[in-house]
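Visitor: The following block contains the structure, expressed as structure tokens.
The values are calculated or read from the model by the stated rules, or taken from the named source; none is laboratory data. Note that this is a predicted model, so its numbers are computed, not measured. Cβ atoms come from the backbone with ideal geometry, glycine included; neighbour counts cover every protein chain shown. The accessibility values were calculated without ligands, DNA or RNA, using every heavy atom of the protein model including side chains. Shrake-Rupley method; radii C 1.70, N 1.55, O 1.52, S 1.80 Å.
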Protein chains: 4
Amino acid sequence: MLSENKKMKTMMKGASPERVYAFSDGVFAIIITIMVLELKKPESPTFHALLQLWPTWISYATSYLFIAIVWVNHHYLLRYAAEATPRLMWANFGHLFSVSLIPFLTDWVAESELAPVPVAMYAFVLFLVNVTYLVLVWETLCDRERVVISAKEMWLLNVRSFFTLSLFLGAMVLAFWFPLLGFALVCCCLLLYLKPEAKMPGMKMPEPGMMKKTKM
Amino acid sequence: MLSENKKMKTMMKGASPERVYAFSDGVFAIIITIMVLELKKPESPTFHALLQLWPTWISYATSYLFIAIVWVNHHYLLRYAAEATPRLMWANFGHLFSVSLIPFLTDWVAESELAPVPVAMYAFVLFLVNVTYLVLVWETLCDRERVVISAKEMWLLNVRSFFTLSLFLGAMVLAFWFPLLGFALVCCCLLLYLKPEAKMPGMKMPEPGMMKKTKM
Amino acid sequence: MLSENKKMKTMMKGASPERVYAFSDGVFAIIITIMVLELKKPESPTFHALLQLWPTWISYATSYLFIAIVWVNHHYLLRYAAEATPRLMWANFGHLFSVSLIPFLTDWVAESELAPVPVAMYAFVLFLVNVTYLVLVWETLCDRERVVISAKEMWLLNVRSFFTLSLFLGAMVLAFWFPLLGFALVCCCLLLYLKPEAKMPGMKMPEPGMMKKTKM
Amino acid sequence: MLSENKKMKTMMKGASPERVYAFSDGVFAIIITIMVLELKKPESPTFHALLQLWPTWISYATSYLFIAIVWVNHHYLLRYAAEATPRLMWANFGHLFSVSLIPFLTDWVAESELAPVPVAMYAFVLFLVNVTYLVLVWETLCDRERVVISAKEMWLLNVRSFFTLSLFLGAMVLAFWFPLLGFALVCCCLLLYLKPEAKMPGMKMPEPGMMKKTKM
């Protein structure tokens, strides 16, 4: 019912968020694919040459996983957007911009073989991705008209987010002295993001059936 | 009502503008993303090397913002297109072509560290983007059958557009002697574009609800 | 009515051609955009350096126009496809493959400054694009169930197509001795394609209203 | 009827797989197009230089065909997905990741002129593409609620899949001693995939009409 109503209202106002989805999907698809397409080729046709590129493989696998996680969260979140308001569009552009910096830094981390400054900047960009995602969450869920989540749930969501953000900042600081440890901390943070439903715990879902099915 | 009617008519004629949206979104997504993906990497893994690339950072940030603004305006405008007529498609191709020249010139501006000719050509391409956008506006809003905006509103829209176009031309001329000043003028012009609703002031919006919500 | 019926049938069979559109639009968007993004930068920040790249500018403008024309025709044609049959999908892949060879040859033509072999191969690839488009036309319009166009109209369409194909082949042969003349002939052929409705003259259009509007 | 029901349920739960289609189509379009766009240019404007690049041409044509086949199968399979569950999304990411490794290996095979290790790794990546596709098949068709295919049909499907997987593994091992023979075996495997309906033989299709039409 609710989703039907939403659709109706959107159609009447004419500002459906569908082009925002299409544009975002295009950007995500390009970022995630180009990164893999621009992998350095080994210098000789041997396994040894392939294995020598280990910093490349580790940093690319981490970034692929991270961008996939970001897309899944983006997909979950934007289902709650009823309208493409200008503020939502700009929050989305901010998010996409920070995501599109990931391949640049992945390259830098791989090329410098996990040097301190590149790893620290990598953690900082992931921090930026999270900040812009939080802004997108606020813009999507804290609409003044619709009551999507209660104040207490919002508080829980914010506490969790600030905890994750602190972890990324910690990884950044750590990377200046122990780049490998900082990178390992970043990888651990990623695991916290694997389940989108876990991040929005008590939310009144308009579609409760879907969330549980995955556990069956 | 109006938007429902529009949808009905479009469906019967079979030439819905949806593939024009999809194609345009694809082109915008590629332009905005590739530009960031092709950023030059610093020569050494230090902050100093990162900061030395300042002409790159400034020109890329400006171009990203500009392309985002162009997309938002494109999104707002094409909602009024009821049909994908050949003339609309060709106006759209012209617009997309001029937009796709932006990364090429951004690169040139960054590489030459804001030399006169590249900055002047950059202002000229932004001028072209605006001219082709104006053609797209005329093609979309000045349909002979539907009365979307009144003659007086159209006159206002045109006066504003010619004012902006003059600013870009001025920036182009200025850039030959003072490239930094010309670039600064271009950046100022961009701020005028940030609010799409401000550009089409008195237009009879079929969806009046949406425009006001952003100010609440 | 007809288009409503078509939609109904498609929905029941579940093989709507929408993903074929989306995939094709993605491929066209990438081809047309990457070509412009990979333009060579002038060696110095002067107008002289920009003008010295004239073979690049001419070949890129021609290719952009050609790919735009191909997209418009593809868009017009696939509206008549009721279903994504495997044969339609494979005809489409063949068409997209030949289109995606255009940037490669455009580059070669530009780099060799219109040398005989690259221009001849360029004309040959445009010939291939036309052959695969003709196969796509046959696959879309000559369905055994629906009568979209009459035998006489099909004959007219084929005569026209073979005329165009001969022109491209002629340009190819001519290019071996007079590359500039061959290239000029290719450019003339393109003008024949600018109006998609002109290419399918007497076809019984299910949506007659649209075709005429553009002349008003 | 069935497809109408499916649509209804999906709309109520709000997790339609449409964005998964759009994202996947974007990734496929980029992979297949970029591969062709990044073809090496011949060193001189002659036929001889063009023909000397034969390892490039063979490996690119094989990869283009393979990715097209993978897309067609993906298109056929995902029509049976009623919902974008997290598990389906992650199976899809795994599939897309292995597909996006193809251009990297195609490049390596072409550059090394079909050396043993690159051809073996190429066969291994195609093996990975098949494994991840099988996981996607299980995730899509073996839903606990809907009975799409019977246990016996599933058994047949699995036997066929393991046979194909063994062929790819065999090609990989063979490539260490006879790279050309291994590559030829890979090409033969591809032919088995050309007909998507042949791969899911006795499946209870909700849309039986479509599958037969292609043979008429």
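Visitor: When all protein chains stay in place, what accessible area (Å², nearest 10, 1.4 Å probe) is found for A:Lys152?
Guide: Accessible area of A:Lys152: about 150 Å².
Visitor: Taking a point 7 angstrom from the Cα of D:Ala61 along the C-beta vector, which residues in the range D:168-186 have backbone N less than 14 Å away?
Guide: D:184
Visitor: I would also like to ask the following. Return the sequence-ordered ³J(HN,Hα) values of the range C:51-68 in whole Hz as given by the Karplus equation 6.51 cos²θ - 1.76 cosθ + 1.60 applied to θ = phi - 60°, using x for Gly and Pro.
Guide: 6, 5, 7, 4, x, 4, 4, 5, 5, 5, 4, 4, 5, 4, 4, 5, 5, 4
Visitor: Hey, got the average number of other protein chain Cβ atoms within 10 angstrom for residues in B:38-48?
Guide: Working: counts 6, 7, 1, 7, 6, 0, 3, 14, 5, 3, 1.
Averaged over the peptide's residues, the number is 5.
Visitor: Note the distances from B:Phe176 to each other copy's matching label point, with points 7 Å along the Cα-to-beta-carbon direction, in nm, sorted shortest first.
Guide: Computed spacing set for this position: 4.9, 5.0, 7.0 nm.
Visitor: For the residue pair D:Val173 and B:Glu111, what label-to-label distance in nm results when each label sits 7 Å from Cα along the Cα-to-beta-carbon direction?
Guide: 5.2
Visitor: What figure, in Å² to the nearest 10, do you get for the accessible area of D:Tyr21 with a 1.4 Å probe and non-protein molecules left out?
Guide: Surface open to solvent at D:Tyr21 totals about 50 Å².
Visitor: If you don't mind, there's one more thing I want to ask. Can you order the peptides D:91-97, A:161-167 by their average number of other Cβ atoms within 10 Å per residue, highest first? Spell out each step's value before the answer.
Guide: Details: D:91-97: 22.4, A:161-167: 14.9.
By packing density, highest mean first, the sequence is D:91-97, A:161-167.
Visitor: Return one whole number: the accessible area per residue of the range C:17-65 in Å², for a 1.4 Å probe. Intermediate results must be reported in sequence, preceding the final value.
Guide: Details: 1960 Å² over 49 residues.
That works out to 40 Å² for each residue.
Visitor: In whole Hz, what ³J(HN,Hα) sequence does the range C:167-182 give by Karplus (6.51, -1.76, 1.60; θ = phi - 60°), x for Gly and Pro?
Guide: These are the phi-based 3J(HN,Hα) values: 4, 5, 5, x, 4, 4, 5, 4, 4, 5, 9, 10, x, 5, 5, x Hz.
Visitor: What does the copy distance list look like for C:Phe47, label position 7 Å along Cα→Cβ, in nm and ordered from shortest?
Guide: 4.4, 4.4, 6.3
Visitor: Label the range C:17-87 by shape, choosing from rounded, prolate and oblate, from the square roots a ≥ b ≥ c of the eigenvalues of the Cα gyration tensor; if a/c is under 1.5 it is rounded, and otherwise prolate applies when a/b is larger than b/c, oblate when it is not.
Guide: Working: a/c = 5.30, a/b = 3.10, b/c = 1.71.
Verdict is prolate for the range C:17-87.
Visitor: Using the 7 Å Cα-to-Cβ label point, sort the distances from A:Glu18 to its equivalents in the other copies shortest first and give them in nm to one decimal.
Guide: Listed shortest first, these distances are 0.5, 0.5, 0.7 nm.
Visitor: Counting partner chain Cβ atoms within 10 Å of every residue's Cβ in B:86-95, what's the average?
Guide: The shielding value for this peptide is 4.
Visitor: Modelling each spin label as a point 7 Å along the Cα-to-Cβ direction, I'd like the D:Cys187/A:Gln52 distance in nm, to one decimal.
Guide: 3.2
Visitor: Once the whole set of protein chains is in place, how much accessible area is left on D:Leu180, using a 1.4 Å probe, in Å² to the nearest 10?
Guide: Rounded to the nearest 10, the figure is 120 Å².
Visitor: Under a plain spin-label model, where a point goes 7 Å from the Cα along Cα-to-Cβ, how far apart in nm are D:Trp138 and D:Lys41?
Guide: For D:Trp138 paired with D:Lys41, the spin-label model returns 4.8 nm.
Visitor: So, one more: What is the interface area between chains B and C, defined as buried accessible area summed over both chains with a 1.4 Å probe, reported in Å² to the nearest 100? It would help to have the intermediate numbers written out before the result.
Guide: Numbers: alone 12900 and 12890 Å², together 22070 Å².
So the buried area, both faces added, is about 3700 Å².
Visitor: Additional query: If you rank C:His75, D:His48 by how much accessible surface each has, with a 1.4 Å probe, what is the order from largest down? Mind dumping the intermediate values first?
Guide: Working: C:His75 10, D:His48 130 Å².
Result, largest first: D:His48, C:His75.
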